[in-house]
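Heads up, the thing below is written out as structure tokens.
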Amino acid sequence: MRTAVVSVLLCLWSISFPAQGADSDTGERINRKCALCHAMYGQGVPGDSSPRLAGLPAWYLAKATRDYQTGARKNDLMVAVSDLDNMSREEIEAVSDYLAAQDIGTDPAYNIRFENGDAEVGKRKYEEDCKTCHKKNGYGKKNKDAPPLAGQYPGYLLSSIHTFFRGDRNHDNDPIDDTFDDISDAEARDILAYLATLDDRRIKADYHFQPAPMTPPAATAEASSRAAGGAFRVVSDSQTVVMTDVDPAVDAEDAIKAMVAKAKSLNLSLQPVSSAALDEQEESSKSPMMKVLQFCSPSQAVTLLKASPVLANYGPCSITLYRDEDENIRLMMVNLDMLVDGHQLPPAAQRIAILINQDMLAIMAAGARGGH
Ligand code: HEC
Ligand code: HEC
């Protein structure tokens with residue numbers, strides 16, 4: 001139920017553009033939901049919370065995405081925000097093809113680095129224990145179902161190793177796989193340091209990834225039909241706003257309470273910014289009402305604003321609650337992802353922008369359900 005009410009809808013260009021390959025259009029349209037957390041072209045961000053999807057093979061992307069759909073891998077928020085439960089096999093294939101084609105792996109700007117281990121020691125370990133499936137060059141083997149490890153963020157790979165070790169995810173699709181039972185974190189870091197050298201061989205000094213210009217979705221009718229089924233929408237021509245409807249059984253006060261509780265669990269505190277009863281009368285449950293809530297971590301805000309002071313204009317980390325005269329409640333946030341182009345913000349600020357997106361989505365999801 002919870003996932004059924006949440007999806008992203010991408011609206012809406014009024015001009016029509018020449019038809020392009022249907023699948024790549026579908027893939028690009030769907031990717032705008034994924035981009036909320038995986039960044040615009042699936043480039044992800046360093047650390048453990050946003051793996052790079054760009055350039056992974058389509059077969060693996062589709063398989064992994066289906067694993068979240070079936071519950072073999074768990075990530076409730078990702079499933080909810082991207083409406084994965086309602087995504088068809090063809091749609092998953094289309095977005096996987098789209099992401100696989102984003103060739104960022106040869107761009108020096110996306111070179112993976114990791115200095116926190118001994119690459120020489122890691123090389124020996126990798127060639128002994130990992131190479132048979134993940135390939136000598138680190139880019140995986142389809143006939144072993146093994147994905148590339150080179151070109152992926154070490155923070156994410158290490159956290160995956162921890163999920164294997166804890167038994168939360170199956171390594172090698174095998175519940176009794178024991179690859180990581182006797183690999184210490186220090187040894188894993190040595191392997192990661194070696195893997196981080198392998199993508200260097202693909203880097204071309206003078207190559208700069210040029211994303212294809214975004215094509216506006218032509219399917220307005222489809223966009224409206226999706227509105228009925230789901231609640232998260234990226235609206236406005238420039239994809240800058242994400243919106244979700246609050247469950248009709250939840251009133252404004254409960255939605256706010258649930259958001260504040262969720263924010264607290266994420267170590268963010270509420271800073272009320274403004275509140276207005278829009279008909280200028282007493283706030284009664286019948287009058288339109290708007291509240292802007294800000295959930296910032298001061299240190300994150302400072303890093304982001306130092307990197308790009310104009311971001312202050314967009315009110316990062318704020319969520320607007322709007323209740324109309326029919327008592328429908330909507331939650332809205334700025335999609336910081338649209339401002340996070342790999343070449344515009346320094347990596348530390350990109351990472352924070354994506355983390356803020358993820359936190360705001362989690363808070364909105366809690367508010368939309370009234371905490372249930
Ligand atoms: C709310 C944030 C969020 C959204 C939206 C989201 N993801 Fe994710 N995704 C994550 C996080 C966080 C991880 C890594 C941690 C984990 O496995 O839960 C992840 C992991 C993945 C992986 C696994 C990568 C690997 O190397 O195994 C794939 C594939 C993936 N996502 C595909 C998608 C696709 C496709 C979409 C859009 C349809 C999407 N995600 C939307 C947050 C999100
Ligand atoms: C027998 C084959 C095999 C061997 C040997 C093997 N792997 Fe894997 N590995 C796999 C498969 C298959 C997957 C994909 C699992 C899935 O689809 O969820 C995987 C997934 C992973 C992932 C997750 C990647 C991602 O994007 O989420 C990591 C990290 C990993 N392996 C690390 C290692 C390391 C380090 C070694 C050596 C110590 C190793 N593997 C040895 C088969 C293998």
Set D168, D145: member being at positive phi, within 15 Å of ligand 1 (Cβ to nearest atom) and outside the structural domain of Y60 (by TED's automatic domain parsing): D145
Selection status of R113, more than 10 Å from ligand 2 (Cβ to nearest atom) and either free of Cβ contacts under 8 Å to residues at least 60 places away in the same chain or at positive phi (or both): no
Selected residue [away from ligand 1 (no atom under 11 Å from the Cβ) and modelled with pLDDT of 95 or more] from S96, S88: S88
Candidate set: the stretch 130-142, residues that are away from ligand 1 (no atom under 12 Å from the Cβ) and on the phi > 0 side of the Ramachandran plot; chosen: the one surrounded by the fewest Cβ atoms within 10 Å (Cβ to Cβ): K135
Single unsatisfied condition, R113 versus (1) surrounded by 18 or more Cβ atoms within 10 Å (Cβ to Cβ); (2) away from ligand 1 (no atom under 14 Å from the Cβ): (1)
Set Y126, Y156: member being away from ligand 1 (no atom under 11 Å from the Cβ) and of a type in the set (S, T, Y): Y126
Residue match in the stretch 98-109 (condition: over 23 Å from the mean Cα position of the chain (by Cα) and surrounded by fewer than 20 Cβ atoms within 10 Å (Cβ to Cβ)): no
Residue among I319, I352 that is touching a Leu at 6+ places or on another chain (Cβ under 7 Å), within 16 Å of ligand 1 (Cβ to nearest atom), modelled with pLDDT of 75 or more and not in a helix (DSSP H, G or I): I319
Whichever residue in the stretch 164-190 is within 11 Å of ligand 2 (Cβ to nearest atom) and β-branched (V, I, T) and, among such residues, is surrounded by the fewest Cβ atoms within 10 Å (Cβ to Cβ): T179
From the options Y156, Y139, residue that is under 26 Å from K74 (Cα atoms) and either among the basic types (K, R) or in a loop (DSSP other than H, G, I, E, B) (or both): Y139
Some residue of the stretch 202-211 being within 16 Å of ligand 1 (Cβ to nearest atom), at pLDDT 90 or above and buried (at least 17 other Cβ atoms within 10 Å of the Cβ): no
Qualifying residue in the stretch 173-193 (condition: within 14 Å of ligand 1 (Cβ to nearest atom), under 24 Å from R66 (Cα atoms) and modelled with pLDDT of 95 or more): yes
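The values are calculated or read from the model by the stated rules, or taken from the named source; none is laboratory data. Remember, it's a predicted structure, so these values are computed and weren't measured experimentally. All Cβ positions, glycine included, derive from the backbone under ideal geometry; neighbour counts span all protein chains shown.
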